[in-house]
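J.: Here's a structure for you.
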Amino acid sequence: VQGLDDTTVVVAGAATGIGAATAARLAAEGARVVVGDRNVAGAEHTAGVIREQGGEALAVGFDIGDEASVDALFTRAEEVYGAVDRVHANAAAFPPRKLGGDTDLLDIDLGVFDFTVQVNLRGHILVTRRALPNLIARQGAIVYTSSAAAFTASDSRPAYVIAKNGLHGLVRHVAARWGRDGVRANAIAPGFVLTELMKGVDSDGTLAQLALDKSCSPRVGRPEDIAGAVAFLMSDDAEWINGQVISVDGGMVLR
Ligand SMILES: NC(=O)c1ccc[n+]([C@@H]2O[C@H](COP(=O)([O-])OP(=O)(O)OC[C@H]3O[C@@H](n4cnc5c(N)ncnc54)[C@H](O)[C@@H]3O)[C@@H](O)[C@H]2O)c1
């Protein structure tokens with residue numbers, strides 16, 4: 001993709017899975033990558049792999065649910081690299097859909113609901129508020145990770161699904177308010193992506209098979225599929241794409 005060389009990108013939630021793959025892809029495109037995550041050891045690992053491959057990366061521990069911590073992440077990025085050109089807001093908490101987790105609207109513990117929204121939606125709002133002055137100054141771009149679950153009816157996971165739908169409103173607000181200043185905001189809605197976490201959750205492959213049955217692809221997703229789409233949306237190739245939620249899901253959601 002074009003235009004990522006010599007830029008600074010913050011990936012918020014990059015210790016494992018999709019965020020780690022995005023960080024690696026952006027570094028391969030020539031970006032300096034700030035690898036932010038609550039999982040500090042994981043962030044160090046992601047940054048270490050990038051450096052081993054000749055890329056530039058800095059690991060920073062942070063909690064997306066905490067405003068002071070989000071501020072510290074960006075302050076560190078600014079101190080080390082001067083300014084931030086692009087952001088991938090990717091972190092999410094996954095309360096289990098059973099066992100007192102993200103069950104259904106009558107059953108869910110409101111503490112679980114509040115925590116999910118705090119991390120998966122409010123945290124992304126905090127990242128956006130802190131990033132915006134940079135993005136306005138640098139004609140930058142932000143890409144959020146939503147989910148195919150945001151488009152489909154589900155009898156469980158209301159907190160997760162409601163928070164992801166909130167991101168769609170956030171994308172449209174940022175594009176509508178700052179698009180004419182050169183800021184772009186878009187989201188990716190992944191389908192079933194076989195991350196390490198998913199391999200653990202779905203050890204017998206039941207969820208993967210369900211996802212395959214619903215999709216228009218011979219395979220489930222790889223973290224690299226999402227990383228490629230994020231890199232594209234951040235790049236100059238996507239200069240005229242703004243305020244969109246793009247499905248990258250093997251054709252699971254057809255619109
Ligand atoms: N894997 C899938 O099938 C799939 C499908 C649709 C959407 N998604 C979305 O993709 C994104 C990445 O998920 P993933 O599948 O790679 O899982 P993952 O658990 O590997 O990645 C999530 C990352 O966010 C970090 N994180 C969690 N809470 C945090 C906090 N409070 N502060 C900072 N970092 C925090 C985790 O440590 C982890 O590194 C999420 O937004 C998820 O909702 C994933």
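J.: Taking the Cα-to-Cβ direction at GLU67 and at ARG51 and moving 7 Å from each Cα, how far apart do the two end points lie in nm?
T.: Each label point is offset 7 Å from its Cα along the Cβ direction, giving 3.4 nm.
J.: Go through region 172-240 and name the chymotrypsin sites (Phe, Trp or Tyr not before Pro) that are in a DSSP coil and have 10 or fewer other Cβ atoms within 10 Å of their Cβ.
T.: For chymotrypsin sites (Phe, Trp or Tyr not before Pro) across region 172-240 that sit outside H, G, I, E and B with at most 10 neighbouring Cβ atoms in 10 Å, the list reads TRP240.
J.: Which of rounded, prolate, oblate describes the chain, given a ≥ b ≥ c as roots of the alpha-carbon gyration tensor eigenvalues and a/c under 1.5 marking rounded, otherwise prolate only if a/b is larger than b/c?
T.: Since a/c stays below 1.5, the shape of the chain is classed as rounded.
J.: Can you give me the C-alpha center-to-center distance between region 189-255 and region 41-62, rounded to a whole angstrom?
T.: 24
J.: Next up: Would you mind working out the accessible area per residue for the chain, using a 1.4 Å probe, and quoting it in Å²? Could the numbers behind the result be given before it?
T.: Details: 11850 Å² over 255 residues.
That works out to 46 Å² for each residue.
J.: What distance in nm separates the simple spin-label points at SER203 and ARG222, each placed 7 Å from Cα in the Cβ direction?
T.: 2.5
J.: In whole Hz, what ³J(HN,Hα) sequence does region 99-107 give by Karplus (6.51, -1.76, 1.60; θ = phi - 60°), x for Gly and Pro?
T.: The phi angles translate into 6, x, x, 8, 8, 8, 5, 7, 8 Hz.
J.: For region 1-125, with all protein chains present and a 1.4 Å probe, just round the carbon and sulfur fraction of the accessible area to a whole percent.
T.: 51
J.: What are the ³J(HN,Hα) couplings of region 4-15, residue after residue, when phi is run through the Karplus curve with 6.51, -1.76, 1.60 and θ = phi - 60°? Round to Hz, x for glycine and proline.
T.: Rounded to whole hertz, the list is 9, 4, 6, 10, 10, 10, 9, 10, 8, x, 9, 6.
J.: Defining a contact as two alpha carbons under 8 Å apart and six or more residues distant in sequence, what relative contact order in percent does the chain show? Display every interim value, and only then the final one.
T.: On the way: 529 pairs, mean separation 51.9, N = 255.
Reported as a whole number, the value is 20 percent.
J.: Let me ask you something else. Amide H to amide H under 5 Å from TYR144: which residues, 5+ apart in sequence or cross-chain, H placed 1.01 Å off N in plane?
T.: Those lying under 5 Å, H to H, from TYR144 are ALA89, ASN186, ALA187, ILE188.
J.: Once phi is turned into θ = phi - 60°, what whole-Hz ³J(HN,Hα) does the Karplus curve with 6.51, -1.76 and 1.60 give for every residue of region 36-49, x standing for Gly and Pro?
T.: Going residue by residue, I get x, 6, 5, 7, 5, 4, x, 5, 4, 5, 4, 5, x, 4 Hz, with x marking Gly and Pro.
J.: For SER247, what residues show an amide H to amide H distance below 5 Å, using hydrogens built from the backbone and excluding near sequence neighbours?
T.: Result for SER247 returns ALA189.
J.: Using a ≥ b ≥ c from the Cα gyration tensor of region 74-185 (square roots of the eigenvalues), is it rounded, prolate or oblate, where a/c under 1.5 gives rounded and otherwise the larger of a/b and b/c decides, a/b for prolate?
T.: Note, shape of region 74-185 comes out prolate.
J.: In addition: By how many nm would the segment from ARG138 to ASP6 grow when fully extended, if each residue of separation counts as 0.36 nm and the alpha-carbon distance is taken off?
T.: Taking ARG138 through ASP6 to full extension adds about 46.3 nm, to one decimal.
The values are calculated or read from the model by the stated rules, or taken from the named source; none is laboratory data. The structure displayed is predicted, hence computed values, not measured ones. As a convention, Cβ positions derive from the backbone with ideal geometry for all residues, glycine included, and neighbour counts pool all protein chains shown. Heads up: the accessible areas ignore ligands, DNA and RNA and are worked out on the full protein's heavy atoms, side chains in. Shrake-Rupley method; radii C 1.70, N 1.55, O 1.52, S 1.80 Å.
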